[in-house]
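Remarks on the structure that follows.
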Amino acid sequence: MQTFIQTILQTQSSYRQIIHRKIREHNIDVTFEMLHIMRCLSDAGQVNQQELANLTYKDKSSLSYLIKNMEKRDLVKRIEDSNDKRSKLVILTTRGKKIQNEIKIIIESVYQQIEEKINIEHIQLCVDYMKEFGETIKEN
């Protein structure tokens with residue numbers, strides 16, 4: 001079991017390094033954590049910080065720090081929620097959307113390169129097993 005978990009973590013680390021290197025090659029200055037937030041915002045549109053924390057599996061304080069840094073880089077902005085004046089919605093800025101689109105192309109290219117080297121049927125088996133494994137972990 002320990003080897004299995006370690007292999008998952010090593011794979012995740014390798015993936016993060018590849019994506020980060022490719023993004024730096026295009027002179028895009030964002031962290032992997034920022035990429036995750038940008039992808040979630042791109043998919044969800046505008047969400048409040050609690051929803052974003054849930055989507056990204058981050059605690060609110062670390063997410064708040066990330067959002068502040070992203071605001072400084074003009075990637076996201078917080079706007080007032082018209083339904084709840086106490087709540088702020090987080091959205092991608094125009095610059096954030098542009099960079100997100102550039103990143104999406106880069107990541108799709110990485111996926112394409114990986115898919116050329118790996119049997120897609122094996123990947124589907126791994127996905128199915130990881131879903132099963134995830135459910136098993138949740139039960140404990």
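Odds and ends about this structure:
- Close Lys pairs in the stretch 79-136 (alpha-carbon distance under 27 Å; sequence gap of 8 or more, or different chains): 7.
- Sorted by Cβ neighbour density within 10 Å, fewest at the top, the residues 20, 122: 122, 20
- FRET efficiency for residue 91 and residue 112, using Cβ-Cβ distance with R0 set to 30 Å, rounded to 0.05: 0.55
- Over the chain, equivalent-ellipsoid semi-axes from the Cα gyration tensor in Å: 30, 21, 13
- Here the label points at residue 6 and residue 20, each 7 Å from Cα along the C-beta direction, are separated by 2.2 nm in the simple model.
- Helix-only [θ]222 nm of the chain, DSSP H runs n ≥ 4, -39500 (n - 2.57) each, per residue, nearest 500: -24500 deg cm²/dmol
- Loop-resident chymotrypsin sites (Phe, Trp or Tyr not before Pro) (DSSP state other than H, G, I, E or B) in the stretch 53-140 with no more than 16 further Cβ atoms inside 10 Å of their Cβ: 57.
- Helix 120-139 vs. the chain, principal-axis angle (Cα, 0 to 90°, nearest 10): 70 degrees
- Charging the Cβ of each Asp and Glu at -1 and of each Lys and Arg at +1, and nothing else, the dipole of the stretch 20-140 about its Cα centre rounds to 800 debye.
- Residue order, fewest to most beta carbons within 10 Å, for 110, 47, 30, 127: 127, 110, 47, 30
- Across the stretch 7-106, Cα pairs under 8 Å and at least six residues apart give a relative contact order of 27 percent.
- Signed unit charges on C-beta, dipole axis of the chain, positive-most listed residue 114, 64, 50: 64
- Going by neighbour counts of Cβ atoms within 10 Å, the residues 81, 128 line up, fewest first, as 128, 81.
Taken together, the values in this text are just the output of simple stated rules run on the coordinates, not laboratory data. Note that the structure is predicted; figures quoted are calculated from it, not measured. Don't worry about glycine lacking a Cβ; one is built from the backbone with ideal geometry, like all the others, and counts go over all protein chains shown.
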